[in-house]
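Since the structure comes first, as structure tokens, the remarks are kept for the end.
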Amino acid sequence: MVSDTFKKRYLFEQPANGSAPVQGVPSDRWLLVSVIMLMMAGLVAVYSSIAFFAETKFTTAGSLVGGHAIKIVISLLVMILVSKIDYHIIARLSRYALLLSWLFLIIVTLYGTEVFGARRALHLGAFSFQPSSLATISLLVYVAHLVTQKQEYIHSFKRAFLPIMVWILITCALIGLEDFSSAALLLAMCLVIMFVGRISMIHMTALVIMGLIGAGAILSQSAERKSRLTNYVEQVRHIESSEFQLGSGYQAQQAHIAIARGGFLGVGIGKSTQRDFLPAPYNDFIYAIIAEEYGLLGAGAVLLLYVVILFRGIAVIAKRARDTLGMLLAVGCTLGVTMYAFVNAGVATGLLPVTGLPIPFISYGGTSMLFSGVLIGILLRISKFRGETYE
């Protein structure tokens, strides 16, 4: 028998307006369909962009795409599994997952394989894992959990803001040692959760200032990061300069060429030429390959799917969640998927400096695919339990 305390706390918690939550409602179909469409688009895009990489690995594009398809299936299975778990339980376990991610982040900083000047992944034979993804999800969920717990004294600096800030700063600092862009984006997403959760704006402003100071310190310690910012400024000022084209701005330049070649309708499936020049065209710059092969129309359609996820996650699932935790989790999970996509597209189009962030459900790679599936699974779970005002 399930105790009354458990039911009240985890299964039948009343929403703020006092109305009884509606249970047994199907998961949000718009969200699920959008994710599946992105996965299918990513499968085709990976096949188009990975040919040159396959040659360097002495294998075929088909075998690599087959591996990517397996990762998609695993992500779907994880998504379904997570959607069956009470998100209150996930929130309570997030603290332990976050502590575990700290350990992994320290290990990857000391012993991780260096790629493009940064250690971001642990390699165990054929298996590769990025601890920053686990840390990102764990922190988003745990911050939502902490903000929910501290609603009675949410404006208190000592009892609410300070304990939450400690977890955020430690996590972002550990990630930022090797992956500054992920740390900055994670901090921004946590700020949004805290804003929605009614944390004091004065305290949040202090956190932003501390974050900027920390960002400056981290940037000053890396010639690679400073070079990226310098080339971004050069790109804005004069995109045709030789310093920009021949330096670290080379990859951004090649992405611009790919987008320009695509025009409105694109050059056609599998006809990309810039995949042979772009570093990591199957991952960091896969959006540029999509724009080249499918044009503005196809690239816009991909972004539209992320807009649908953003709208359903914030305006529907979060707004009509049955409790405060569900609302904050929905906000965090939605941002955890869509913000990476918008940043990736911004980098490819030259609106943002090069970051090295993947685009969820499209980029080649198992870690991003797996943990993005976890975020969507939590969203699907939240959408199944809602108040009477849900239509």
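Each value in this text was obtained by applying a stated rule to the coordinates, not by laboratory testing. Owing to the predicted nature of the structure, the values given are computational and were not obtained by experimental measurement. No Cβ is skipped: glycine too gets one built from the backbone with ideal geometry, and neighbour counts run over all protein chains shown.
Odds and ends about this structure:
- HN-Hα J in Hz across the stretch 343-349 - Karplus 6.51, -1.76, 1.60, θ = phi - 60°, x for Gly and Pro: 5, 4, 5, x, 5, 4, 8
- Neighbour net charge for VAL196 - beta-carbon separation under 14 angstrom, K R +1, D E -1: +2
- Among the listed pairs LYS71/LYS271; LYS158/LYS319; LYS150/LYS319, a Cα-Cα separation exceeding 27 Å is found for LYS158/LYS319.
- Extension gain, LEU103 back to ALA301 (0.36 nm per residue minus Cα-Cα distance, nm): 67.4 nm
- Sequence-distant residues sharing a close amide H with ALA321 (under 5 Å, placed H): none
- The residues LEU352, LEU212, when put in order of fewest to most other Cβ atoms within 10 Å, stand as LEU212, LEU352.
- In this structure, the amide hydrogen of ALA121, modeled 1.01 Å from its nitrogen in the peptide plane, lies closer than 5 angstrom to those of THR113, counting only residues at least 5 positions away or on a different chain.
- Ranked by the mean number of other Cβ atoms within 10 Å of their residues, highest first, the peptides 172-182, 298-308, 320-330, 251-261 come out as 320-330, 172-182, 251-261, 298-308.
- Spacing of the modelled spin labels on MET201 and LEU93, each 7 Å from Cα toward Cβ, amounts to 3.9 nm.
- Cβ-based net charge around ILE362, under 15 Å, with every Lys or Arg adding one and every Asp or Glu removing one: -1
- At full extension, PHE157 and VAL33 could sit 40.4 nm farther apart than now, given 0.36 nm per residue minus the alpha carbon distance.
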